[in-house]
Amino acid sequence: EIVGKDSGKLVQLMTCRNLTNSKIGICYYAPLVDSEGGIVNDPLIYKLEENRWRICIADSDVLLFAKGIASVKNFKVNIFEAKVDTLAIQGPKSFKIMEKIFGKEINNLKFFKFDYFTFNKRKYLISRSGFSKQGGFEIHTDNIEGALELYDYFFEIGKEFNLKPGTPNHPERIEGGLLSYGSDMDIFDNPFECGFDKYVDLNSDIVFLGRENLIKIKEKGIKKKLMGVKIE
């Protein structure tokens, strides 16, 4: 999480996506880039409050990256690893089981939006997101006791839905075009090579690391591009 007066400046400096008009309650898929234009990570960024952001990262060290920039820029921010564990409920039956636990209002949550819902008098941040094209939700749990209660309750009522513990399904996510940082791309790839053109804003006056290099890369053109292949 990044909290403080300059949190918005720092978050924008880290990503090539324009977050100027970002709103509380929306998750933003935003490639983070270094000064060379290489991809550092591709997180979901949650704007929790006006000066509080949560960055849900893939496998790379964004904490040190953010701290380094903030230190050099003398930004007034507090950067820390949030004490949050994520419980992902994915698949075509996820909507029915979530409704059973959190009520019908969970169905009003739109794709890439988040809100707070209650279970056993505890509030949970829940976003309509996840590492699957089948659809689902991600629940942020910041209380170990509450998280275990919730997890156990899912399996208590889960037989009706054929609920099973699992991990991201790589064939399914590859077929769905969901990229994995560290597997499909890393810091030696730029957003244009990964098909992230729509997340790169070079036309506005936003300030972010790697902007000048990404302008040069776009003008020169790329020599490689990550593509999907259809196999009959």
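Check each of the chymotrypsin sites (Phe, Trp or Tyr not before Pro) in the stretch 1-98 and keep only those in coil by DSSP with at most 14 other C-beta atoms within 10 angstrom; list them in order.
Taking the stretch 1-98 and a limit of 14 other Cβ atoms within 10 Å, the loop chymotrypsin sites (Phe, Trp or Tyr not before Pro) found are Phe80.
Between amide H atoms placed 1.01 Å from N, distances below 5 Å from Ala30 occur with Ile45, all of them 5 or more places distant or on a separate chain. Calculated FRET efficiency, Tyr153 to Glu81, Cβ-Cβ distance, R0 = 25 Å: about 0.40 to the nearest 0.05. The mean sequence distance of close C-alpha pairs (under 8 Å, at least 6 residues apart), as a share of the length of the stretch 1-96, puts its relative contact order at 31 percent.
A cut-off of 5 Å between modelled amide H atoms, ignoring neighbours fewer than 5 places along the same chain, links Lys76 with Asp6.
Between the Cα long axis of helix 211-220 and the first principal axis of the chain there is an angle of about 70°, rounded to the nearest 10.
Which pairs, out of Lys73/Lys123; Lys67/Lys223; Lys100/Lys121; Lys47/Lys110; Lys23/Lys230; Lys5/Lys220, put more than 27 Å between their alpha-carbon atoms?
Numbers: Lys73/Lys123 36 Å; Lys67/Lys223 33 Å; Lys100/Lys121 16 Å; Lys47/Lys110 16 Å; Lys23/Lys230 37 Å; Lys5/Lys220 38 Å.
With Cα atoms farther than 27 Å apart: Lys73/Lys123; Lys67/Lys223; Lys23/Lys230; Lys5/Lys220.
Would you mind calculating the relative contact order of the chain from Cα pairs under 8 angstrom and at least 6 residues apart, reporting the percent as a whole number?
Working: 369 pairs, mean separation 58.2, N = 232.
After rounding, I find 25 percent.
From its DSSP helices (H runs of at least four residues, each -39,500 (n - 2.57)), the chain gives a residue-normalised ellipticity at 222 nm of -7500 deg cm²/dmol.
Accessible surface of Val84, taken over heavy atoms with a 1.4 Å probe and every protein chain present, rounds to 40 Å². How large is log10 I(q)/I(0) at q = 0.13 Å⁻¹ when the Debye formula is applied to the Cα atoms of the chain, each weighted equally and without solvent? Evaluating at q = 0.13 Å⁻¹ gives log10 I(q)/I(0) of -0.85. For Leu209, neighbours were defined as the other residues whose beta-carbon sits under 10 Å from its Cβ, and their charges (Lys and Arg +1, Asp and Glu -1) total -2.
By how many nm would the segment from Asp6 to Leu226 lengthen if fully extended, with 0.36 nm per residue of separation less the alpha-carbon distance? Before the final figure, lay out each step's value.
On the way: separation 220, 0.36 × 220 = 79.20 nm, distance 3.48 nm.
Gain on stretching Asp6 to Leu226: 75.7 nm.
The values are calculated or read from the model by the stated rules, or taken from the named source; none is laboratory data. This is a predicted model, so every value here is computed, not measured. Neighbour counts run over all protein chains shown; Cβ positions are idealised from the backbone, glycine included. In case anyone asks, the SASA skips ligands and DNA or RNA and just uses the protein heavy atoms, side chains included. Shrake-Rupley method; radii C 1.70, N 1.55, O 1.52, S 1.80 Å.
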